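All remarks here apply to the structure that follows.
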Amino acid sequence: MIVDDEPEVHDITQMTLQRFSFDNRQIEFIHAYSAQQARELLPQHCDVALILLDVVMETDDAGLTLVEHIRNQLNNHCVRIVLRTGQPGQAPEDKVVEDYDINDYKDKTELTSQKLRTLIRASLRSYRDICALETHKRGLEKVVESSKGIFELSALHTFVEGALDQLSAIMHLDDGCIYALEKQAYAHHSSHFQLLAHHGEDSQHQLNKILPLSQLPSQQAALFDQAINQKGNIFKDNAVVIYCQNKARDLFFYIVRNTPINESDQHFIKLLSDNITIALENIRLNEVIVEHQRETMYRIGEIVETRSKESGKHVKRVALYTAKLAELAGLDEKTIERLKMASPLHDVGKVATPDAILHKPAKLDDREWSIMRSHAEQGEMMLADSSIPSLLLASEIAGSHHERWDGKGYPRGLKGEEIPISGRLTALADVFDALGSSRCYKLQWADEEIVEYISEQSGKQFDPHLSSLLLSNLDQFYSIREQYQDEISASSPE
(Lines give C-alpha, C1' and ligand atoms only; values in the text may rest on other atoms or scores of the structure.)
Protein backbone atom coordinates (compact mmCIF):
# COMPACT_ATOMS: atom_id res chain seq x y z
CA MET A 1 0.00 0.00 0.00
CA ILE A 2 1.33 3.40 -1.01
CA VAL A 3 -0.03 6.16 1.24
CA ASP A 4 1.02 9.58 -0.07
CA ASP A 5 -0.80 12.79 -1.08
CA GLU A 6 1.48 13.32 -4.11
CA PRO A 7 0.27 11.38 -7.20
CA GLU A 8 3.77 11.54 -8.70
CA VAL A 9 5.13 9.45 -5.79
CA HIS A 10 2.57 6.72 -6.59
CA ASP A 11 3.44 6.77 -10.28
CA ILE A 12 7.22 6.67 -9.80
CA THR A 13 7.03 3.92 -7.13
CA GLN A 14 4.82 1.70 -9.31
CA MET A 15 6.95 2.33 -12.41
CA THR A 16 10.13 1.42 -10.51
CA LEU A 17 8.63 -1.82 -9.22
CA GLN A 18 6.60 -2.87 -12.26
CA ARG A 19 8.82 -5.89 -12.97
CA PHE A 20 9.57 -6.66 -9.34
CA SER A 21 8.73 -10.16 -8.05
CA PHE A 22 9.13 -11.91 -4.71
CA ASP A 23 9.08 -15.69 -4.25
CA ASN A 24 8.10 -15.95 -7.93
CA ARG A 25 5.06 -13.75 -7.43
CA GLN A 26 4.21 -10.27 -8.65
CA ILE A 27 3.25 -7.59 -6.15
CA GLU A 28 -0.09 -5.80 -6.04
CA PHE A 29 -0.33 -2.05 -5.38
CA ILE A 30 -3.06 -0.44 -3.27
CA HIS A 31 -3.20 3.35 -3.52
CA ALA A 32 -4.32 5.77 -0.78
CA TYR A 33 -3.91 9.54 -1.24
CA SER A 34 -4.55 10.48 2.39
CA ALA A 35 -4.35 8.91 5.82
CA GLN A 36 -8.15 8.91 6.00
CA GLN A 37 -8.42 6.99 2.72
CA ALA A 38 -5.89 4.47 4.05
CA ARG A 39 -8.03 4.00 7.19
CA GLU A 40 -10.98 3.13 4.94
CA LEU A 41 -8.99 0.72 2.76
CA LEU A 42 -7.07 -1.19 5.42
CA PRO A 43 -10.03 -3.19 6.82
CA GLN A 44 -10.64 -4.44 3.26
CA HIS A 45 -7.00 -5.53 2.91
CA CYS A 46 -6.09 -7.20 6.21
CA ASP A 47 -3.24 -9.12 4.53
CA VAL A 48 -1.37 -6.11 3.17
CA ALA A 49 2.33 -6.91 3.57
CA LEU A 50 3.99 -3.49 3.37
CA ILE A 51 2.92 0.14 3.73
CA LEU A 52 5.05 2.91 2.22
CA LEU A 53 3.77 5.83 4.29
CA ASP A 54 4.20 9.57 3.95
CA VAL A 55 4.30 11.56 7.19
CA VAL A 56 2.90 14.95 6.21
CA MET A 57 -0.42 14.77 4.35
CA GLU A 58 -3.76 16.32 5.41
CA THR A 59 -2.03 17.20 8.71
CA ASP A 60 1.61 17.45 9.73
CA ASP A 61 1.39 14.17 11.69
CA ALA A 62 -1.20 12.30 9.58
CA GLY A 63 1.23 9.44 8.87
CA LEU A 64 2.23 9.02 12.51
CA THR A 65 -1.41 9.01 13.62
CA LEU A 66 -2.12 6.31 11.02
CA VAL A 67 0.71 4.17 12.45
CA GLU A 68 -0.92 4.31 15.88
CA HIS A 69 -4.29 3.42 14.33
CA ILE A 70 -2.84 0.37 12.53
CA ARG A 71 -0.99 -0.98 15.55
CA ASN A 72 -3.45 -0.14 18.34
CA GLN A 73 -6.91 0.04 16.76
CA LEU A 74 -6.60 -2.53 13.98
CA ASN A 75 -4.21 -4.59 16.14
CA ASN A 76 -2.14 -5.35 13.04
CA HIS A 77 1.44 -6.05 14.10
CA CYS A 78 2.43 -8.09 11.06
CA VAL A 79 2.33 -5.44 8.32
CA ARG A 80 5.68 -3.76 7.73
CA ILE A 81 5.54 0.06 7.83
CA VAL A 82 8.20 2.21 6.18
CA LEU A 83 7.93 5.99 6.67
CA ARG A 84 8.95 8.05 3.65
CA THR A 85 9.12 11.77 4.18
CA GLY A 86 10.20 14.73 2.08
CA GLN A 87 10.39 16.91 5.19
CA PRO A 88 12.55 14.97 7.70
CA GLY A 89 12.90 18.03 9.91
CA GLN A 90 9.22 17.90 10.87
CA ALA A 91 9.54 14.28 12.05
CA PRO A 92 13.06 13.67 13.41
CA GLU A 93 14.14 10.08 12.75
CA ASP A 94 15.38 9.20 16.26
CA LYS A 95 12.18 10.36 17.96
CA VAL A 96 9.87 8.74 15.39
CA VAL A 97 11.66 5.38 15.53
CA GLU A 98 11.64 5.47 19.34
CA ASP A 99 7.99 6.52 19.78
CA TYR A 100 6.26 4.68 16.93
CA ASP A 101 6.18 1.01 15.90
CA ILE A 102 7.66 1.43 12.43
CA ASN A 103 10.14 -0.77 10.62
CA ASP A 104 12.18 1.75 8.64
CA TYR A 105 12.51 5.49 8.07
CA LYS A 106 13.60 6.93 4.72
CA ASP A 107 14.10 10.37 3.25
CA LYS A 108 12.44 10.37 -0.19
CA THR A 109 15.52 11.93 -1.74
CA GLU A 110 17.74 8.98 -0.72
CA LEU A 111 15.51 6.27 -2.22
CA THR A 112 17.09 5.48 -5.56
CA SER A 113 15.55 2.79 -7.75
CA GLN A 114 17.95 0.11 -6.45
CA LYS A 115 17.58 1.12 -2.81
CA LEU A 116 13.81 1.05 -3.15
CA ARG A 117 13.92 -2.47 -4.59
CA THR A 118 16.24 -3.59 -1.79
CA LEU A 119 13.92 -2.01 0.80
CA ILE A 120 10.88 -3.75 -0.69
CA ARG A 121 12.58 -7.15 -0.83
CA ALA A 122 13.82 -6.93 2.78
CA SER A 123 10.42 -5.77 4.05
CA LEU A 124 8.51 -8.54 2.24
CA ARG A 125 10.95 -11.16 3.48
CA SER A 126 10.41 -9.88 7.02
CA TYR A 127 6.61 -9.98 6.57
CA ARG A 128 6.77 -13.53 5.18
CA ASP A 129 8.82 -14.73 8.15
CA ILE A 130 6.50 -13.07 10.67
CA CYS A 131 3.48 -14.74 9.02
CA ALA A 132 5.32 -18.07 9.16
CA LEU A 133 5.88 -17.60 12.90
CA GLU A 134 2.18 -16.80 13.39
CA THR A 135 1.22 -19.92 11.44
CA HIS A 136 3.68 -21.95 13.51
CA LYS A 137 2.12 -20.56 16.71
CA ARG A 138 -1.40 -21.48 15.57
CA GLY A 139 -0.18 -24.95 14.65
CA LEU A 140 1.33 -25.47 18.08
CA GLU A 141 -1.90 -24.31 19.72
CA LYS A 142 -3.90 -26.85 17.70
CA VAL A 143 -1.47 -29.67 18.48
CA VAL A 144 -1.59 -28.85 22.20
CA GLU A 145 -5.39 -28.60 22.07
CA SER A 146 -5.67 -31.98 20.36
CA SER A 147 -3.40 -33.64 22.93
CA LYS A 148 -5.52 -32.13 25.73
CA GLY A 149 -8.73 -33.52 24.23
CA ILE A 150 -7.35 -36.72 22.84
CA PHE A 151 -10.31 -38.79 24.04
CA GLU A 152 -12.74 -36.68 22.04
CA LEU A 153 -14.16 -37.78 18.72
CA SER A 154 -12.67 -34.71 17.05
CA ALA A 155 -9.12 -35.29 18.38
CA LEU A 156 -7.82 -36.67 15.06
CA HIS A 157 -9.23 -33.79 13.01
CA THR A 158 -7.88 -31.20 15.44
CA PHE A 159 -4.49 -32.86 15.46
CA VAL A 160 -4.11 -33.09 11.68
CA GLU A 161 -5.12 -29.44 11.29
CA GLY A 162 -2.38 -28.52 13.74
CA ALA A 163 0.13 -30.74 11.95
CA LEU A 164 -0.76 -29.11 8.64
CA ASP A 165 -0.20 -25.68 10.17
CA GLN A 166 3.19 -26.86 11.45
CA LEU A 167 4.13 -27.98 7.93
CA SER A 168 2.87 -24.65 6.59
CA ALA A 169 5.23 -22.82 8.92
CA ILE A 170 8.21 -24.94 7.90
CA MET A 171 7.56 -24.56 4.16
CA HIS A 172 6.02 -21.06 3.98
CA LEU A 173 3.02 -22.90 2.61
CA ASP A 174 0.25 -21.22 0.62
CA ASP A 175 -2.09 -24.16 0.05
CA GLY A 176 -2.12 -27.76 1.12
CA CYS A 177 -4.33 -30.80 1.54
CA ILE A 178 -4.33 -33.73 3.90
CA TYR A 179 -5.95 -37.04 3.09
CA ALA A 180 -6.57 -40.11 5.22
CA LEU A 181 -6.20 -43.37 3.34
CA GLU A 182 -8.78 -45.96 4.30
CA LYS A 183 -7.52 -49.41 3.25
CA GLN A 184 -10.24 -51.97 2.76
CA ALA A 185 -9.37 -55.48 3.94
CA TYR A 186 -10.79 -57.09 0.82
CA ALA A 187 -9.99 -54.49 -1.81
CA HIS A 188 -6.41 -53.30 -1.53
CA HIS A 189 -6.44 -52.16 -5.16
CA SER A 190 -9.31 -49.68 -4.65
CA SER A 191 -7.95 -47.38 -1.94
CA HIS A 192 -10.08 -44.36 -1.09
CA PHE A 193 -9.07 -41.01 0.39
CA GLN A 194 -11.02 -38.91 2.89
CA LEU A 195 -10.25 -35.19 3.09
CA LEU A 196 -9.64 -34.26 6.74
CA ALA A 197 -8.21 -30.75 6.45
CA HIS A 198 -7.57 -28.30 3.66
CA HIS A 199 -5.93 -24.92 3.45
CA GLY A 200 -7.36 -22.90 0.59
CA GLU A 201 -10.64 -21.78 -0.93
CA ASP A 202 -13.88 -23.69 -0.19
CA SER A 203 -12.13 -25.78 2.46
CA GLN A 204 -15.28 -26.24 4.56
CA HIS A 205 -17.23 -27.60 1.59
CA GLN A 206 -14.64 -30.28 0.89
CA LEU A 207 -14.05 -31.68 4.37
CA ASN A 208 -14.64 -35.43 4.78
CA LYS A 209 -15.21 -35.87 1.06
CA ILE A 210 -14.20 -39.40 0.02
CA LEU A 211 -12.55 -40.02 -3.34
CA PRO A 212 -10.91 -43.02 -5.01
CA LEU A 213 -7.31 -42.59 -6.13
CA SER A 214 -8.46 -42.41 -9.77
CA GLN A 215 -10.47 -39.23 -9.12
CA LEU A 216 -7.57 -37.24 -7.70
CA PRO A 217 -5.55 -34.99 -10.06
CA SER A 218 -3.14 -37.16 -12.07
CA GLN A 219 0.11 -35.73 -10.63
CA GLN A 220 -1.23 -35.95 -7.09
CA ALA A 221 -2.49 -39.51 -7.62
CA ALA A 222 0.89 -40.58 -9.01
CA LEU A 223 2.71 -39.19 -5.96
CA PHE A 224 0.22 -40.88 -3.61
CA ASP A 225 0.71 -44.18 -5.41
CA GLN A 226 4.49 -43.82 -5.17
CA ALA A 227 4.25 -43.03 -1.42
CA ILE A 228 2.06 -46.11 -0.85
CA ASN A 229 4.51 -48.37 -2.67
CA GLN A 230 7.61 -46.93 -1.00
CA LYS A 231 5.91 -46.32 2.38
CA GLY A 232 7.75 -43.03 2.78
CA ASN A 233 7.82 -39.33 1.93
CA ILE A 234 8.00 -38.35 -1.74
CA PHE A 235 9.62 -35.09 -2.88
CA LYS A 236 9.24 -33.98 -6.49
CA ASP A 237 10.05 -30.47 -7.67
CA ASN A 238 7.70 -28.11 -5.79
CA ALA A 239 5.45 -30.87 -4.42
CA VAL A 240 5.72 -33.25 -1.48
CA VAL A 241 3.64 -36.14 -0.20
CA ILE A 242 4.28 -36.81 3.48
CA TYR A 243 3.35 -40.37 4.43
CA CYS A 244 2.51 -41.25 8.05
CA GLN A 245 1.37 -44.76 8.93
CA ASN A 246 0.16 -46.60 12.01
CA LYS A 247 -1.95 -49.70 12.68
CA ALA A 248 -5.27 -47.89 12.33
CA ARG A 249 -4.79 -45.49 9.42
CA ASP A 250 -2.42 -44.00 6.88
CA LEU A 251 -2.25 -40.21 6.50
CA PHE A 252 -1.01 -38.34 3.45
CA PHE A 253 -0.10 -34.67 3.55
CA TYR A 254 -0.06 -33.29 0.01
CA ILE A 255 1.67 -29.92 -0.37
CA VAL A 256 2.56 -27.77 -3.35
CA ARG A 257 4.36 -24.44 -3.14
CA ASN A 258 5.87 -21.92 -5.53
CA THR A 259 9.53 -22.70 -4.90
CA PRO A 260 11.47 -26.01 -4.89
CA ILE A 261 11.72 -27.91 -1.62
CA ASN A 262 15.34 -27.77 -0.43
CA GLU A 263 17.32 -30.18 1.77
CA SER A 264 16.73 -28.09 4.88
CA ASP A 265 12.95 -28.28 4.35
CA GLN A 266 13.19 -32.04 3.78
CA HIS A 267 15.10 -32.50 7.04
CA PHE A 268 12.47 -30.68 9.12
CA ILE A 269 9.64 -32.44 7.30
CA LYS A 270 11.21 -35.81 8.14
CA LEU A 271 11.48 -34.87 11.84
CA LEU A 272 7.88 -33.65 11.94
CA SER A 273 6.47 -36.66 10.06
CA ASP A 274 8.20 -39.05 12.50
CA ASN A 275 6.57 -37.24 15.43
CA ILE A 276 3.19 -37.17 13.68
CA THR A 277 3.37 -40.96 13.32
CA ILE A 278 4.08 -41.36 17.04
CA ALA A 279 1.22 -39.03 17.93
CA LEU A 280 -1.16 -40.93 15.62
CA GLU A 281 -0.33 -44.16 17.42
CA ASN A 282 -1.13 -42.49 20.76
CA ILE A 283 -4.46 -41.29 19.36
CA ARG A 284 -5.19 -44.84 18.13
CA LEU A 285 -4.45 -46.36 21.53
CA ASN A 286 -6.72 -43.88 23.24
CA GLU A 287 -9.46 -44.60 20.71
CA VAL A 288 -9.12 -48.29 21.61
CA ILE A 289 -9.47 -47.45 25.33
CA VAL A 290 -12.59 -45.36 24.69
CA GLU A 291 -14.11 -48.07 22.49
CA HIS A 292 -13.47 -50.70 25.16
CA GLN A 293 -15.03 -48.46 27.80
CA ARG A 294 -18.08 -47.91 25.59
CA GLU A 295 -18.42 -51.65 24.93
CA THR A 296 -18.19 -52.43 28.66
CA MET A 297 -20.96 -49.96 29.50
CA TYR A 298 -23.16 -51.35 26.73
CA ARG A 299 -22.63 -54.88 28.05
CA ILE A 300 -23.50 -53.89 31.62
CA GLY A 301 -26.64 -52.19 30.35
CA GLU A 302 -27.57 -55.28 28.33
CA ILE A 303 -27.09 -57.51 31.39
CA VAL A 304 -29.51 -55.31 33.35
CA GLU A 305 -32.09 -55.40 30.56
CA THR A 306 -31.70 -59.15 30.09
CA ARG A 307 -32.45 -59.63 33.78
CA SER A 308 -35.62 -57.62 33.16
CA LYS A 309 -36.39 -60.04 30.29
CA GLU A 310 -36.02 -57.18 27.81
CA SER A 311 -33.93 -57.10 24.66
CA GLY A 312 -30.30 -56.04 24.90
CA LYS A 313 -30.97 -53.97 21.78
CA HIS A 314 -33.07 -51.67 23.99
CA VAL A 315 -30.01 -50.06 25.61
CA LYS A 316 -28.32 -49.51 22.26
CA ARG A 317 -31.43 -47.89 20.82
CA VAL A 318 -31.85 -45.68 23.90
CA ALA A 319 -28.19 -44.62 23.61
CA LEU A 320 -28.61 -43.73 19.93
CA TYR A 321 -31.96 -41.98 20.48
CA THR A 322 -30.45 -39.96 23.34
CA ALA A 323 -27.44 -38.97 21.21
CA LYS A 324 -29.68 -38.00 18.28
CA LEU A 325 -31.89 -35.84 20.52
CA ALA A 326 -28.79 -34.22 22.02
CA GLU A 327 -27.49 -33.48 18.52
CA LEU A 328 -30.82 -31.95 17.46
CA ALA A 329 -30.82 -29.89 20.67
CA GLY A 330 -27.43 -28.42 19.70
CA LEU A 331 -25.25 -29.98 22.39
CA ASP A 332 -21.52 -30.15 21.70
CA GLU A 333 -19.90 -33.26 20.26
CA LYS A 334 -18.04 -34.18 23.45
CA THR A 335 -21.26 -34.16 25.51
CA ILE A 336 -23.11 -36.16 22.86
CA GLU A 337 -20.46 -38.88 22.95
CA ARG A 338 -20.58 -39.06 26.74
CA LEU A 339 -24.38 -39.28 26.69
CA LYS A 340 -24.20 -42.11 24.17
CA MET A 341 -21.79 -43.93 26.46
CA ALA A 342 -23.60 -43.24 29.74
CA SER A 343 -27.30 -43.61 28.84
CA PRO A 344 -27.20 -47.46 28.51
CA LEU A 345 -26.87 -47.56 32.33
CA HIS A 346 -30.07 -45.59 32.97
CA ASP A 347 -31.74 -48.60 34.66
CA VAL A 348 -28.67 -50.09 36.34
CA GLY A 349 -30.42 -49.81 39.72
CA LYS A 350 -32.78 -52.62 38.68
CA VAL A 351 -30.11 -55.13 39.64
CA ALA A 352 -31.24 -54.48 43.24
CA THR A 353 -34.94 -55.02 42.42
CA PRO A 354 -36.36 -58.47 43.40
CA ASP A 355 -37.26 -60.76 40.48
CA ALA A 356 -40.80 -61.20 41.73
CA ILE A 357 -41.41 -57.48 41.22
CA LEU A 358 -39.27 -57.05 38.14
CA HIS A 359 -40.99 -59.89 36.26
CA LYS A 360 -44.53 -59.47 37.56
CA PRO A 361 -46.89 -59.38 34.56
CA ALA A 362 -49.75 -57.83 36.54
CA LYS A 363 -50.04 -54.33 37.96
CA LEU A 364 -47.79 -53.67 40.96
CA ASP A 365 -49.37 -52.89 44.35
CA ASP A 366 -48.31 -49.83 46.35
CA ARG A 367 -45.54 -51.63 48.25
CA GLU A 368 -44.15 -53.24 45.09
CA TRP A 369 -44.32 -49.94 43.20
CA SER A 370 -42.38 -48.21 45.98
CA ILE A 371 -39.66 -50.87 45.71
CA MET A 372 -39.62 -50.58 41.91
CA ARG A 373 -39.29 -46.79 42.09
CA SER A 374 -36.26 -47.11 44.36
CA HIS A 375 -34.16 -48.37 41.42
CA ALA A 376 -33.53 -44.76 40.35
CA GLU A 377 -31.84 -43.85 43.63
CA GLN A 378 -30.13 -47.26 43.81
CA GLY A 379 -28.59 -46.76 40.35
CA GLU A 380 -27.49 -43.23 41.18
CA MET A 381 -25.73 -44.36 44.37
CA MET A 382 -24.04 -47.34 42.66
CA LEU A 383 -22.18 -45.03 40.27
CA ALA A 384 -21.89 -41.81 42.29
CA ASP A 385 -18.39 -42.44 43.65
CA SER A 386 -16.78 -43.15 40.28
CA SER A 387 -13.81 -41.10 39.06
CA ILE A 388 -14.73 -41.78 35.42
CA PRO A 389 -16.70 -38.85 33.86
CA SER A 390 -18.96 -41.14 31.80
CA LEU A 391 -19.94 -43.15 34.88
CA LEU A 392 -20.64 -39.95 36.82
CA LEU A 393 -22.92 -38.87 33.97
CA ALA A 394 -24.55 -42.33 34.06
CA SER A 395 -25.17 -41.79 37.80
CA GLU A 396 -26.90 -38.48 37.03
CA ILE A 397 -29.03 -40.14 34.33
CA ALA A 398 -29.99 -43.09 36.55
CA GLY A 399 -31.17 -40.72 39.29
CA SER A 400 -33.07 -38.26 37.09
CA HIS A 401 -34.58 -40.06 34.07
CA HIS A 402 -37.83 -40.79 35.94
CA GLU A 403 -38.37 -37.14 36.89
CA ARG A 404 -41.19 -35.35 35.06
CA TRP A 405 -41.32 -31.88 33.52
CA ASP A 406 -44.41 -31.06 35.65
CA GLY A 407 -42.66 -32.07 38.89
CA LYS A 408 -44.70 -35.24 39.49
CA GLY A 409 -41.85 -37.67 38.87
CA TYR A 410 -39.45 -39.45 41.18
CA PRO A 411 -37.23 -39.77 43.20
CA ARG A 412 -36.98 -36.02 44.04
CA GLY A 413 -39.95 -34.45 42.29
CA LEU A 414 -37.75 -32.10 40.25
CA LYS A 415 -39.53 -29.77 37.83
CA GLY A 416 -38.70 -28.30 34.41
CA GLU A 417 -35.08 -27.32 33.95
CA GLU A 418 -34.29 -28.40 37.51
CA ILE A 419 -34.02 -31.84 35.89
CA PRO A 420 -30.55 -32.33 34.35
CA ILE A 421 -30.61 -32.22 30.55
CA SER A 422 -29.09 -35.72 30.53
CA GLY A 423 -32.11 -37.06 32.46
CA ARG A 424 -34.62 -35.23 30.24
CA LEU A 425 -33.01 -36.58 27.07
CA THR A 426 -32.78 -40.17 28.31
CA ALA A 427 -36.32 -40.11 29.75
CA LEU A 428 -37.83 -39.29 26.36
CA ALA A 429 -35.57 -41.74 24.51
CA ASP A 430 -36.37 -44.53 27.02
CA VAL A 431 -40.15 -44.07 26.82
CA PHE A 432 -40.10 -43.74 23.02
CA ASP A 433 -38.33 -47.10 22.78
CA ALA A 434 -40.33 -48.80 25.55
CA LEU A 435 -43.66 -47.92 23.92
CA GLY A 436 -42.47 -49.33 20.62
CA SER A 437 -41.36 -52.63 22.20
CA SER A 438 -43.27 -55.55 23.69
CA ARG A 439 -42.69 -56.21 27.38
CA CYS A 440 -43.90 -58.89 29.82
CA TYR A 441 -46.65 -56.54 30.94
CA LYS A 442 -47.71 -54.90 27.64
CA LEU A 443 -47.88 -55.16 23.88
CA GLN A 444 -45.97 -53.00 21.43
CA TRP A 445 -47.76 -49.73 20.59
CA ALA A 446 -48.45 -48.56 17.05
CA ASP A 447 -46.44 -45.58 15.81
CA GLU A 448 -49.55 -43.40 15.74
CA GLU A 449 -50.26 -44.19 19.38
CA ILE A 450 -46.66 -43.36 20.38
CA VAL A 451 -46.78 -40.01 18.58
CA GLU A 452 -50.13 -39.19 20.20
CA TYR A 453 -48.84 -40.10 23.67
CA ILE A 454 -45.67 -38.00 23.37
CA SER A 455 -47.70 -35.07 22.04
CA GLU A 456 -50.10 -35.32 24.98
CA GLN A 457 -47.26 -35.61 27.53
CA SER A 458 -45.21 -32.75 26.10
CA GLY A 459 -44.90 -30.20 28.91
CA LYS A 460 -46.21 -32.75 31.43
CA GLN A 461 -43.96 -35.80 31.48
CA PHE A 462 -41.44 -34.60 28.89
CA ASP A 463 -39.45 -31.46 28.11
CA PRO A 464 -41.63 -29.73 25.47
CA HIS A 465 -38.67 -28.60 23.41
CA LEU A 466 -37.19 -32.09 23.24
CA SER A 467 -40.60 -33.58 22.45
CA SER A 468 -40.96 -31.16 19.55
CA LEU A 469 -37.51 -32.09 18.22
CA LEU A 470 -38.34 -35.80 18.31
CA LEU A 471 -41.74 -35.41 16.65
CA SER A 472 -40.27 -33.16 13.95
CA ASN A 473 -37.55 -35.69 13.11
CA LEU A 474 -39.33 -39.04 13.46
CA ASP A 475 -37.76 -40.47 10.30
CA GLN A 476 -34.31 -40.33 11.92
CA PHE A 477 -35.54 -42.18 15.01
CA TYR A 478 -37.44 -44.77 12.95
CA SER A 479 -34.23 -45.37 10.99
CA ILE A 480 -32.34 -46.17 14.22
CA ARG A 481 -35.14 -48.50 15.34
CA GLU A 482 -35.10 -50.28 11.98
CA GLN A 483 -31.35 -50.78 12.14
CA TYR A 484 -31.40 -52.23 15.69
CA GLN A 485 -34.56 -54.34 15.74
CA ASP A 486 -35.07 -56.98 18.42
CA GLU A 487 -34.18 -60.36 16.99
CA ILE A 488 -36.96 -62.20 18.89
CA SER A 489 -40.11 -60.35 19.86
CA ALA A 490 -41.38 -60.72 23.39
CA SER A 491 -44.50 -62.80 23.91
CA SER A 492 -47.83 -61.13 24.50
CA PRO A 493 -49.06 -61.26 28.06
CA GLU A 494 -51.76 -63.83 28.73
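Odds and ends about this structure:
- Inverse mean reciprocal Cα-Cα distance (Kirkwood Rh) of the stretch 355-430, Å: 13.1
- Within the accessible area of the stretch 362-406 (1.4 Å probe), percent carbon and sulfur: 53
- R0 of 56 Å, Cβ-Cβ distance SER387-SER218: FRET efficiency to nearest 0.05: 0.55
- Spin-label model distance (nm) - GLU68 vs LYS360, 7 Å beyond Cα toward Cβ: 8.3
- Modelled FRET efficiency - R0 35 Å, VAL351 with LYS460, Cβ distances, 0.05 increments: 0.70
- Highest average packing first - 325-333, 416-424, Cβ atoms within 10 Å: 416-424, 325-333
- Contact order for the stretch 369-494, expressed relative to its length and based on alpha carbon pairs under 8 Å spaced 6+ residues apart, stands at 19 percent.
- Accessible-area composition of the stretch 1-131, carbon plus sulfur, in percent [1.4 Å probe]: 45
- Across the stretch 1-105, counting alpha-carbon atoms alone, Rg and Dmax equal 13.3, 39 Å.
- Here the gap between GLN485 and ASN258, fully extended at 0.36 nm per residue and compared with their Cα-Cα distance, gives a gain of 76.1 nm.
- Annotation: for a label point projected 7 angstrom from Cα along Cα→Cβ of VAL97, residues of the stretch 62-88 with backbone N closer than 16 Å are 81-85, 88.
- Neighbourhood charge, 10 Å Cβ-Cβ cut-off, centred on ILE421 and excluding it, Lys, Arg +1 and Asp, Glu -1: -2
- Local charge for GLU6 was computed over the other residues whose Cβ lies under 13 Å away, with Lys and Arg +1 and Asp and Glu -1, and equals -4.
- One Cα centroid belongs to the stretch 326-373, the other to the stretch 16-80; the line between them spans 65 Å.
- 11 Å beta-carbon shell around ILE261, net charge (K/R +1, D/E -1): -1
- Taking every protein chain into account, the accessible area of the stretch 8-113 amounts to 55 square angstrom per residue (probe 1.4 Å).
The values are calculated or read from the model by the stated rules, or taken from the named source; none is laboratory data. Just so it is clear, the structure is predicted and the values come from calculations on it, not from any experiment. Neighbour counts run over all protein chains shown; Cβ positions are idealised from the backbone, glycine included. Side chains included, ligands, DNA and RNA excluded: accessible areas come from the protein's heavy atoms. Shrake-Rupley method; radii C 1.70, N 1.55, O 1.52, S 1.80 Å.
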